[in-house]
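Derivation of every value follows stated rules applied to the coordinates shown; laboratory data play no part. What you see is a predicted model; the values in this text were computed from it and never measured. Ideal geometry is used to build each Cβ from the backbone, glycine not excepted, and the neighbour counts take in all protein chains shown.
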Amino acid sequence: MALMPKRVKHRKSQRGRIRGNATRGNTVVFGDFGLQSMEGGWISAATIEAGRIAAQQYIRGEGKLYIRIFPHKSITSIPLETRMGKGKGEPDYWAATVRPGTILYELSGVTEEQAKVCFARLAHKMPVRVRMVKRK
């Protein structure tokens, strides 16, 4: 089941644009290793869930995975082959807005080599460039 907010004030949100680097959520807090985004973008709830499943299958219960992003933004779309006008489309999916430097996932209770392999599997699924960082 993909993540989404329980309730929102407005069903449809404007696109906006991602400017600057992340000032919050940019350090490893809960785990020992983190997966940090290197560019801005939207990460859909389905992508976040796919990453969670890939990581859980790899660590097999010996480590703990922390998801540091949540999809608050509704992304709308108009059906294909629809004429111009007739308003904004219906909400299609939910996405997390990610700035450069945001920590996406964290791992604890695993070795650095295991974390590297696990995050490599996650990096293939992410629509933004990512890198592995250690706790300071």
Using Cα atoms only, what is the angle between the long axis of helix 112-125 and the major principal axis of the chain, expressed in degrees (0 to 90) to the nearest 10? 20 degrees
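Taking 27 Å as the cut-off for C-alpha to C-alpha distance, list the pairs among LYS64/LYS136; LYS6/LYS64; LYS73/LYS116 that go past it.
LYS73/LYS116
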Have a look at VAL28, MET84, MET132 and report the one farthest towards the positive end of the charge dipole of the chain, computed about the Cα centre with Cβ charges (Lys/Arg +1, Asp/Glu -1). MET84
Quote the charge dipole size of the range 1-119 about the Cα centre in Debye, to the nearest 20; the model charges only the Cβ of Lys and Arg (+1) and of Asp and Glu (-1). 940 debye
To one decimal place, what orientation-averaged projected area in nm² is obtained for the convex hull of the Cα set of the chain? 9.7 nm²
Work out, step by step, the length gained on full extension between LYS134 and SER77: first 0.36 nm times the residue separation, then minus their alpha carbon distance; give nm to one decimal. 16.7 nm
Taking 0.36 nm per residue of separation and subtracting the Cα-Cα distance, what length does fully extending MET4 through GLN56 add? 16.7 nm
Residues TRP42, TRP94 arranged by fewest to most Cβ contacts within 10 Å: TRP42, TRP94
Compute the orientation-averaged projected area for the range 16-67 from the convex hull of its Cα atoms and round it to one decimal in nm². 4.5 nm²
Would you mind checking which residues have amide H under 5 Å from THR102's amide H? H placed 1.01 Å from N; only 5 or more apart, or other chain. ALA22, SER37
